[in-house]
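The values are calculated or read from the model by the stated rules, or taken from the named source; none is laboratory data. Keep in mind that this is a model prediction, so the values were computed, not measured. All Cβ positions, even for glycine, are placed from backbone atoms using ideal geometry, and neighbour counts span all protein chains on display. Note: areas computed on protein heavy atoms with side chains; ligands, DNA, RNA excluded. Shrake-Rupley method; radii C 1.70, N 1.55, O 1.52, S 1.80 Å.
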Amino acid sequence: EKAEESNRLKSAFLTNMSYEIRTPMNGILGFTSLLKEPNLSGEELQEYISIIEKSGNRMLNTIGDLMNISMIESGQINIEISDIKINKLTNQLFAFFEPEAKKKGLILKLNNTLSDEKATILTDKEKVYSILTNLIRNAIKFSKRGSIEFGYLKKAKYLEFFIKDTGIGIPKDRQEAIFDRFVQADIDDRDVYEGNGLGLSISKAYVEMLGGRIWVDSEEGLGSTFYFTIPYSAVSEEKIETISVDSAEHTEVQIKKLKILVVEDDEISYSLLLRTLQKISEEVLLATTGLEAIEACRNHSDLDLVLMDIRMPKMDGNEATRQIRKFNKEVIIIAQTAYAFAGDSEKAIEAGCNDYITKPINITLLNELIKKHCDK
């Protein structure tokens, strides 16, 4: 019976995944086709572009969740502990989700209960960010009116986070099942079909990796409150002062015109980078293999920046970086790759890269990284 139930759930999951991939692809390809029509108004252009962007982000979320659940099941997820400012993180999430909440007529509230100094702790920033993002996104998704409040309380040796909504709620007999993989609560609401049903199981796995627990208190028709805890490991005051100084170093400055080497074997990716770099580049060179990248760095000792693709034929980007570092320690190398598995960034840094960005490349983030390293 368990095997049959598991098989049924996985079949339902695959059906849902087909929907979650084909639906945004329909938006991307369909509205891309409409962009070819002549005499489109500026308003229509912006509307079509917005739909394509939204569809792309939805598909990226689906792919990201599939990768994460696969890595969780195979035990490849690592914990990366660092100093993080909880108040800064929750304020960023509030700023990110407030427009989406307003669009649905919802009031978004944030409750930070500790001072910035006391809310600087040691934990895995990316995992806490992912957990909160999943839970806030769900709260907005399943609420049609009212408000959503999130924040945290310090309880003994833990921080207890909460995300409270006034949404449709979850039946009592389904409140444990929603954290299982491939299972969504059987809620009679059309909105439930947008989503792959992996967010809560990923969040549960991350919370447990961090040494906490996650649960829900909900009543059908009245809303839900999700809770999760993480250990409270405060950072010393001396360390906090150092963090503050470091964070103030990279202020907004004008980047000089740079000589840039793009190491990329995909023509479309190179075309995107070339257009992105036009405003800050004096000259852009191209290498399509690791060997070509090494040769280009030997022949152009005045390079300011290398955007190094990691996966390439003959020699990958990490090995090419190691070879370049043997004769050029100064040039800034930023790894850029379609691989986004845990540990990839560490491998790139160990090879000699100054920083790391994943594809699809966020143009704003790329510009911030370039400013960070090239604001001389």
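Yes/no per residue for (1) closer than 21 Å to Phe31 by Cα; (2) part of a helix (DSSP H, G or I); (3) of a type in the set (S, T, N, Q); (4) in contact with a strand residue (DSSP E or B) (Cβ under 9 Å, 6 or more places away or on another chain):
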| residue | (1), (2), (3), (4) |
| --- | --- |
| Glu47 | yes, yes, no, no |
| Ser50 | yes, yes, yes, no |
| Met59 | yes, yes, no, no |
| Asp65 | no, yes, no, no |
| Ile69 | no, yes, no, no |
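The single condition from (1) in contact (Cβ under 8 Å) with a residue 60 or more places away in the chain; (2) open to solvent by 60 Å² or more (accessible area, probe 1.4 Å); (3) among the small types (Gly, Ala, Ser) that Ser74 fails is (1). Total residues in segment 117-132 satisfying the condition of being open to solvent by less than 10 Å² (accessible area, probe 1.4 Å) and charged (D, E, K, R): the figure is 1.
Checked against (1) open to solvent by 80 Å² or more (accessible area, probe 1.4 Å); (2) in a loop (DSSP other than H, G, I, E, B), Gln92 passes all but condition (2). The condition of being at pLDDT 90 or above, open to solvent by 70 Å² or more (accessible area, probe 1.4 Å) and within 27 Å of Ile170 (Cα to Cα) holds for only one of Ile136, Ile63, Ile107, that being Ile107.
For segment 26-44, the set of residues classified as under 18 Å from Lys54 (Cβ atoms), among the hydroxyl-bearing types (Ser, Thr, Tyr) and without any contact (Cβ under 8 Å) to a residue 12 or more places away in the chain consists of Ser33 only. Here Leu40 passes the criteria (1) surrounded by 15 or more Cβ atoms within 10 Å (Cβ to Cβ); (2) not in a helix (DSSP H, G or I) except the one numbered (1). Checked across segment 360-376, the condition of being touching a helix residue (DSSP H, G or I) at 6+ places or on another chain (Cβ under 8 Å), part of a loop (DSSP other than H, G, I, E, B) and either more than 25 Å from Met67 (Cα to Cα) or open to solvent by less than 20 Å² (accessible area, probe 1.4 Å) (or both) holds for no residue. Can you pull out the residues in segment 43-52 that are of a type in the set (Asp, Glu) and surrounded by 13 or more Cβ atoms within 10 Å (Cβ to Cβ)? Answer for segment 43-52, where residues must be of a type in the set (Asp, Glu) and surrounded by 13 or more Cβ atoms within 10 Å (Cβ to Cβ): Glu44, Glu47.
Filtered by the rule that a residue be surrounded by 18 or more Cβ atoms within 10 Å (Cβ to Cβ) and either more than 23 Å from the chain's Cα centre (by Cα) or assigned to a loop (DSSP other than H, G, I, E, B) (or both), segment 139-157 gives Phe142, Ser143.
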